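Down below is the structure, laid out as structure tokens.
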Amino acid sequence: MSGVNLAESRIKANSTFAFELRKLNVMSEKTINRRNFSKAVGAAAGASAFGFQFVPGHVWGANSRIQLAGIGSGGKGKADIGGSAGVGMQIAALVDVVDANKLALPEGKDAKRMRSRLASMAHARKTYPDAKFYSDYREMFHDMGDKIDAVTVSTPDHHHFHASVMAMKSGKHVYCQKPLTHGIWEARTLTRLAKETGVKTQMGNQAHANSHMRRVVELLRAGIIGKVSEVHAWTNRPIWPQGFSEAPAAETPPPGIDWEQWIGPAPWVDYSSKIAPFAWRGWWNYGTGALGDMACHIMDLPYWGLGLTSPVSVKAKQEGGSELSAPINSTIVYDFANEGVKLHWYDGQKGASFDRENWRLNKGEFNRPGEDVLEGVDYREFGSVIVGEKGKLFFNRFKDTWFVKPGAALAEINEWPAESVPRAKGDNNYAEWLEAIEGKVERGQSDFAYAGPFTETILLGGVAQQNPGEKLMWDAENLSFKGREDLSSVVRREYRKGWEIEV
């Protein structure tokens, strides 16, 4: 069944963009002083030292390339910048808190680990030597606001919102890595801003562009396994340190790392090589744990194919976890009562432990559904099972070999449903984003209109992880947990002084 190929369809539309430019209160006094922004901003700043406007002046035509700024150049940043360049965009600027040309690392095993992680940042500088480099995306927007058309945002989670807001409010198209935001209110706000500004957006859950996923979405909508009541989705992550209760000892940031900028809008913690450049995912202040890292990939099919909206409740059980860190493993139940579906999420490894001396996780056994769900299917690292009244659909986002058990459940299908979801050019999410920018398609299928509510739903599970054992009732309309006013600061957190932002 997965081998059925239907002709591609395209949604074509002309795009018009209406941008309302507003003041952004996101410039820190330190940054303004060191860059002498007061002279450049002039009267536009008005009475506030932190207020200024961006006026996009670069107008691209039919024969010009989209000018891109890559915010975050290491790790996924390398892939996002390279993917955007690969479909024809011009890399005009690079932004990273690590200046690879100035980086000086100390000796020792931690430095060795860091070098392997930081190599991709140096690669970006060498690959795009003509791109102007910045350590602060606020400075980049100020200097190059009239010279760029689009940005990729490939930073740690806690910077996604600020960088994306600044881009959209200055008329720039945005490709942002998953999870779309660090917080629930942020996801709701980016959804609104994308609609208001009209810019073309995309979230970096790459498999969303795969034709085999889009085909299975169509088949689920057509009811090939009947009414669905359960979903089971899992990952082997975290593969980074997670589950600790105390911060590591403070270290002196090596030359070339702008730690003040790395912390950005989040609560302060002293620099440690055990936090950046990779282990930040396990910190609630900066990351969203295994759930935030992988659910945007693995829960994508059921959320999309079943037309899920917001759950009415969410509950987590887990091992490890603290006010500082996400748990070592967890099992979360989302109750989508309006759609009649319960979604079970599993992450981590049972019996694993956090080794503080070496700052790593000791392995355990994969936390996955039971044999009553898996029926001998060995999707070890990640996968999903969708349970319908006629059978179960087994899916792995990297493979087009999805299947249904029992196979007889498909026997009554006389005619396969027609293709209804537009296919991405070359199954490439960067190409789909570019075609949306150019007006060749109406929208990317994982734009913020989809990715915002999806991320909002996923992050509810993070709040449940911070309140294990409690069944939290969600009021989507009012963006609050019923009877839990104390959680309002988790739904929408305050930003560090100097990083307040008007939306």
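Net charge of the neighbourhood of Lys147, taken over other residues with C-beta under 15 Å away and scored Lys/Arg +1, Asp/Glu -1, is -2.
Counting neighbouring Cβ atoms within 10 Å and putting the fewest first, the residues Lys200, Lys169 line up as Lys169, Lys200. Cβ crowding within 10 Å, taken as a proxy for footprinting-reagent exposure, orders Val97, Val503 from fewest neighbours to most as Val503, Val97. Rounded to the nearest 0.05, the FRET efficiency derived from the C-beta distance between Lys497 and Thr127 at R0 = 35 Å is 0.45. Projecting the Cα atoms of Trp280, Leu220, Pro248 onto the charge dipole of region 169-307 (Cβ charges, centred on the Cα centre) puts Leu220 farthest toward the positive pole. Counting only Cβ charges, +1 for Lys and Arg and -1 for Asp and Glu, the dipole size of region 290-434 around its Cα centre is about 180 debye.
When all alpha-carbon pairs of region 380-431 are counted, what percent fall beyond 19 Å? The answer is 48 percent, as a whole percent. Projecting the Cα atoms of Gln349, Asn205, Pro267 onto the charge dipole of region 199-358, computed from C-beta unit charges around the Cα centre, puts Asn205 farthest toward the positive end.
The coefficient of translational diffusion for region 350-394, derived via Stokes-Einstein from the alpha carbon Kirkwood radius under 10 °C and 1.306 mPa s, stands at 124 µm²/s.
Quick one: in region 191-313, what % of C-alpha pairs are over 26 Å apart? It works out to 44 percent of all Cα pairs. Give me the base-10 log of I(q)/I(0) for region 363-488 at each q in 0.12, 0.13, 0.14 Å⁻¹, Debye formula, one uniform scatterer per Cα, rounded to two decimals. Each listed q maps to, in turn, -0.83, -0.95, -1.05.
When Trp185, Trp416 are arranged by Cβ crowding within 10 Å, least crowded first, meaning fewest neighbours, the order is Trp416, Trp185. I'd like the FRET efficiency for Ser64 and Ala418, computed as 1/(1 + (r/R0)^6) with the beta carbon distance as r and R0 of 41 Å, rounded to 0.05. The calculated FRET efficiency here is 0.60. Here the mean projected area of the convex hull built on the C-alpha positions of region 301-440 is 12.9 nm².
Note on region 204-251: with charges restricted to the Cβ of Lys and Arg (+1) and Asp and Glu (-1), its dipole about the Cα centre is near 440 debye. With bins 5 Å wide beginning at 0, the percent of Cα pairs of region 112-248 falling in each bin runs 2, 7, 12, 15, 16, 15, 14, 10, 5, 3, 1, 0. A viscosity of 1.002 mPa s and a temperature of 20 °C, combined with the Kirkwood radius over Cα pairs in Stokes-Einstein, give a translational diffusion coefficient for region 277-364 of 150 µm²/s.
I need the Kirkwood Rh of region 226-375: take the reciprocal of the average 1/r across all distinct C-alpha pairs and report it in angstrom.
16.8 Å
Each value in this text was obtained by applying a stated rule to the coordinates, not by laboratory testing. Worth saying up front: this structure is predicted, and the values here are computed from it rather than measured. Cβ: placed from backbone, ideal geometry, glycine included. Neighbour counts: every protein chain shown.
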